[in-house]
1. Under unit Cβ charges (Lys, Arg +1; Asp, Glu -1), what dipole magnitude, rounded to 20 debye, does chain B have relative to its Cα centre?
2. Sort B:47-56, A:216-225, A:252-261 by packing, meaning the average of other beta carbons within 10 Å per residue, with the highest value first.
3. How do A:ASP226, A:ASP177 rank when sorted from fewest to most other Cβ atoms within 10 Å of their own Cβ?
4. When you count, for each residue, the other Cβ atoms within 10 Å and take the mean per peptide, how do A:164-171, B:160-167, A:87-94 rank with the highest first?
5. So if R0 is 56 Å, what FRET efficiency would A:ARG111 and A:HIS65 give, r being the distance between their Cβ atoms, rounded to the nearest 0.05?
6. For the range A:119-271, build the charge dipole from Cβ charges (+1 Lys, Arg; -1 Asp, Glu) around the Cα centre, then report which of A:PRO243, A:THR154, A:PHE121 sits farthest towards its positive end.
7. Roughly how crowded by other chains is peptide B:64-74, in terms of the mean Cβ count from those chains within 10 Å of each of its Cβ atoms?
8. At 20 °C and 1.002 mPa s, what whole-number value in µm²/s does Stokes-Einstein give for the translational diffusion of chain B, with Rh from the Kirkwood sum over Cα pairs?
Amino acid sequence: MIDFPSKQRPFTLLTIVILLQVLLLAFQIKRERDVRLVRVWAAEIFTPVQRVATWILSGVGGSWHNYIGLRHMRQENDQLHAEVDRLQLRNRELESRAMEGDRLAALLHFRDSHTDAPMLFAQVIGASADSTSRIVFINHGERDHLKRNLAVITPDGVVGKIVEVTSNSAQVLLITDKDSGVGALFSETRTQGVVKGTGEPQLRMDYVVNEEKVHAGEAIVTSGEDRIFPKDLPLATVTAARPGNPFQKIDVKPVARLDRLEEVIVLLSQQDISLKPTPDEAASTPDVSIVPAKQPATTAPAASKP
Amino acid sequence: MSSRAQAEQHIEVHKFYGGAMALAAFLALFLQAFLNKYGSWAAMLELPLLITIYFSVSRRSPAIGLLLGAMVGILQDAVSHMPIGFYGIAKTLVGYVASSFGARIDTEHPLSRFGLVVAFFFFHQAVLTILNRLILGRPGSYFSWRLLIASIVNAGVAMFLFPALDRLRKPHG
């Protein structure tokens, strides 16, 4: 009795006919606000699809936008880094110029304060290629009447002496060089000695007997006994002192900033000058204190390398 | 010979004289509209449904059944106040299912015809209710005593109508 003929084709036809009629109904029937049912269905069918599509597109668009933004941000970041580097370089240049201005102002002030003392301003143009020696080159030479054994100072203190001269430049042996020696004395006790270089930033003061009371921070000035440096130029300060045999071992530190030399003063004579007069001296005496050079004492220890 | 062909040998497909189905459908629609003017009792009758059931079951072809149902239903919609497709969908489904049943069980016996009409009346009513609720947004019931009575009335009418329609069949030869 029961048979199962193929229903595939009729079922397709059924589906089509039903769908057509459903669509026919949807076109005729109106819902709230006089909206046709087909529009309601279309909206209900397409709205979620559109929402999903919009969500996907917005996600993709957002990702793309973020990607582009990140790319732009990276470019901007690179540009900003480059700008920061450029500004830092510019800042360093300006700082350098400001410092140079300060130094030149100090030198100018120094020259104004010592108008009677013959001196020459020079720029440090180089340093020794030998790491064991402490030598710098300055941009003046024989043409500017420079010669060996002229003192080189800064407004802060003693730098060294000229050891070689060419027509346009001169070689300055810094007081930190191992071959350097400067006649010195303690500014308070007036005890004499010799400040020698060690090849290191620190100096050493020799020929001070153990009985002499030396304390850290004590100022050391030139004694003028070496016939190179005028007397009482600031030279160094004591950092440490301990008994030795036969003399004390006194470590001292130069007052001039020898590691940052750019402009120096070459003293063309051994006239005594006061680099930093005290406020009292400044009030009672003229800015420039120039006195005749003293004769070197024959009894003083050999201070400077010939 | 394929199993399908073997199976189809047991199916008795009835053919009708030319225009019989169309004429019967037209008359059913006309009578339905005509009788509805004379009282609410006539509203219980579903002559287009009975015509759809009869010809679908007799032809035993789902394609013919669903197309006949669609045509009758759409025409019924056309002469009623319902939107086109309302009865069309219901009778399309009835025609399709009835022709499927007709291809599987004996639909010639009066009792089976009575049962088929009652079942398809409720099936037809269920589809209308679904369409009412889903598409028209109207309330509708799948079962009520009035529907039960209507189904029995239609089945009773079918007991007379179907044999009358049997006369439109072409004799086997």
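1. On the way: 14 positive and 7 negative charges, 23 e Å.
Roughly 100 debye for chain B.
2. Values: B:47-56: 28.2, A:216-225: 21.5, A:252-261: 18.3.
The densest-packed peptide leads the list: B:47-56, A:216-225, A:252-261.
3. Values: A:ASP226 24, A:ASP177 21.
So the residues, fewest neighbours to most, are A:ASP177, A:ASP226.
4. Numbers: A:164-171: 17.1, B:160-167: 14.2, A:87-94: 10.4.
The packing order, highest mean first, is A:164-171, B:160-167, A:87-94.
5. 0.30
6. A:PRO243
7. Working: counts 1, 2, 8, 4, 0, 2, 6, 1, 0, 2, 3.
Partner-chain Cβ atoms within 10 Å, mean over residues of B:64-74: 3.
8. Values: Rh = 16.3 Å.
Calculated translational D: 131 µm²/s.
We did not get these values from a lab; they are worked out from the coordinates using the rules stated. Because the structure is predicted, anything quoted here is derived from the model rather than measured. We place every Cβ from the backbone using ideal geometry, glycine too, and count neighbours over all the protein chains shown.
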